[in-house]
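Note sheet for the following structure.
None of the figures in this text is laboratory data; all of them are computed from the coordinates on show. Values in this document were obtained by computation on a predicted structure and should not be read as measured data. So basically every Cβ, Gly included, is an ideal-geometry build from the backbone, and we count neighbours across all protein chains shown.
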């Protein structure tokens, strides 16, 4: 009898300590893609690190209440990337060389600021709050341009203006849930204006047979596909419906457009294509990875099944998967 | 940037109050005909000096300076190092500030700033440690503390005898910049003085404050006199923030005078003793900003912490002009401070929790920089051109109306309040060769700091305008909160516009009095309410007393 009780209690305690699939996924991400010094490694891009990766790492750490990893990631980001003459982050770091491009990447700055705000709130850390405020101020003052009365996030401080009045932008840099949080904590009306301009661009810039957004856009007297980048809906643009879903801003008609594309791909190829050419409507010749699929599960409002760890050895795929999972959890909670 | 700041301050403090020009050059090594100069004895023989026309400071780590220094000099630098060597022309000197690491270079630069007395009589100095005496954050020895009595000798005055040839003697001291002078607060001076005999009865000791006549003491005792504590009171508001001078001038004409008459003045003597005292009243530190005249006189509020910990200088661009301009400014501030500002922060990044100077070309400014400024400087300029003054309309409150109704003879205070008027003009134009300085609150919340923005359009002339600004002719004319000037001694114009705020703490009594003066109606209602409440309580108490002790007595019984 006593033995049975002991065994029962042992089993109970063992069950209660079993990590959830999401936590396992996070642990696997840390093991595969975060170095001991706090550098997020993009193994799909020659092992470099970038501000976007640091931003994703920080977001995951705060979601999973992993203060220690957050602090390590933040320290590395400050030491190695926040070395410009402002509070923005150099976007690219190459091992054994250091920073190889001091230009910032606006999505990285936005993601890091958002993570810091969440960390400040969750762990009552005023230094994170101050750090976020500094980044927000420099984003406001350095990265925003006006275009036809709309506020536009430039991809970086330098470049992306091919001629006066001709801007190249990436709509996936509008991290909508982050902008909502910025509007809540920072009194500037700019953030709501950015949300409005992002929605305007999303609703207006539709291309191809399935009226999808593009990875890169060109703004001059009208909105067109960027002439300098591939005219595709792909791994960049998939984050647009991801962020919109996260912020509960994805309208049902647009949801249907994305799902129609997925259906067409399935019907024609037997798999979900991660890329569509918006000029000739052709698909990619390979299937989407686990992260892309998870994002589609989010769009389709289906429960996200996290992939086996062994199947998800790509930094970006794993990041998309965790992003989609967290987006689903947080958008349900709102 | 920090090194340049320390070096500029060091030079400024050595020159006391004089201004100087700065030039920034990249030091270059001689590469041609190097073999011909190898045998030369000059330790700086590899340094390109053809463009050097004045004293120079060469600063950097030993690794950074490696190509510029001869081997025998390089090998000396094993730690924080100061050296002085003759330049090749113009009798100029080259000061070398170096070390093996950036921290050692900073130590050497700080030593250069703090070592105010003579350096050792040698070319090299190897610094081990620098222990800076912790300055009291908000006081210096030469600034008086309200509420204290000082003997004249505490302020550097020695017993002096005034005679006809000496004209006057002076007592000098510095007042804090941020005192709130209440209407009846006085500075009390008790003079210990003796004066001689046989003057004319109209002899006087004239007392001036900052060259303005304040009081006279009639020296009317023919037999002379002696006082231990002759008391005079001067309103504290007479004194300026910063430097003040009280002058004592004895006018002692002889009794005997006239044409062809022998007149002797050896009796015209007055001695003022150093144990005379001056008492400064207890006053709140509470003052209105922005005010460039406070910056001019005392560097307030930027120098409210004497180690510079309240001062930040943000550079919005990396033009040489902006960098030199910021060093010129901090050099001037260190002269006003009479000490280096080691904790002052200079940065290209935004700085929090400090009073700031923001310096940069107009096209590099952040929108946030001007969020609370009375001027806008984005693509177009919005500027408040002065349109004279008007008397502020005074609305009579219920209190004042009541007072006049009940006491028609009484006259409530009706001081005229002048309000500046502005015409806001929005236009598209360059600043040309002008520079613009504007001071304004940093935010609308309770933790306001002061921002002072200095901007320009033409980098080629900006340094010259900053150099002109710190010259006494322009600097001493700073006033209001907006200044525009160019490289011309007569060009400075100032005006006042935008929001003001108070900085400092005042007593609860003064806060309540101030609040009462702004919201008299509310306070009147509160007082009436309290009176009614007390009346009600009294009535209830009386009622109970009557019930208890006189329950059978009617109220109307006589």
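Overview of values
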read-out: In nm, spacing of pseudo-spin labels at residue B:288 and residue A:269 (7 Å Cα→C-beta vector); value: 7.2 nm
read-out: Spin-label pair residue B:512/residue A:260, simplified geometry with 7 Å Cα→Cβ offset, distance in nm; value: 7.4 nm
read-out: Hypothetical label at residue A:27: residues of the stretch A:65-82 whose amide nitrogen lies under 19 Å (7 Å Cα-Cβ projection); value: A:65-70
read-out: The stretch A:21-142: C-alpha gyration tensor shape, a/c 1.5 cut-off, then a/b vs b/c; value: oblate
read-out: Likely footprinting exposure, A:123, A:147, A:74, fewest C-beta neighbours within 10 Å first; value: A:123, A:147, A:74
read-out: Förster-model FRET efficiency, 51 Å R0, residue B:218 and residue B:14, C-beta, rounded to 0.05; value: 0.60
read-out: Computed [θ] at 222 nm, helices only, for chain A once each DSSP H run of length n ≥ 4 contributes -39500 (n - 2.57); value: -16500 deg cm²/dmol
read-out: 10 Å Cβ neighbours from other chains, averaged over peptide A:136-144; value: 3
read-out: 222 nm mean residue ellipticity, helices alone, for chain B (DSSP H n ≥ 4; -39,500 (n - 2.57); rounded to 500); value: -7000 deg cm²/dmol
read-out: Spacing of the two label points (7 Å from each Cα toward its C-beta) at residue A:75 and residue A:102, in nm; value: 2.6 nm
read-out: Inter-chain shielding of A:86-95 (mean C-beta neighbours from other protein chains, 10 Å cut-off); value: 1
read-out: Shielding score for B:364-371, defined as the mean number of other chain Cβ atoms within 10 Å; value: 3
read-out: Taking B:161, A:79, B:494 and counting other C-beta atoms within 10 Å, the order from fewest to most; value: A:79, B:161, B:494
read-out: Among beta bridges that DSSP assigns inside the protein assembly as shown, antiparallel share in %, nearest 5; value: 85 percent
read-out: Gain in span if fully extended, residue B:227 to residue B:505, counting 0.36 nm per residue against the direct Cα distance; value: 96.2 nm
read-out: Helix B:508-518 axis, angle to chain B major axis (alpha carbon atoms, nearest 10°); value: 70 degrees
read-out: Highest-first arrangement of A:185-197, B:211-223, where packing means the average Cβ count within 10 Å; value: A:185-197, B:211-223
read-out: Rounded tilt (10° steps) of B:459-469 against the dominant C-alpha axis of chain B; value: 50 degrees
read-out: Helix axis angle, B:520-549 relative to chain B longest principal axis, alpha carbon, degrees; value: 40 degrees
read-out: Estimated FRET transfer efficiency (residue A:333, residue A:18; beta-carbon r; R0 30 Å; 0.05); value: 0.85
read-out: Net length gained if the chain between residue B:243 and residue B:543 were fully extended (0.36 nm per residue, minus Cα distance); value: 101.4 nm
read-out: Computed E for residue A:166/residue B:430 - FRET, C-beta separation, R0 30 angstrom, nearest 0.05; value: 0.70
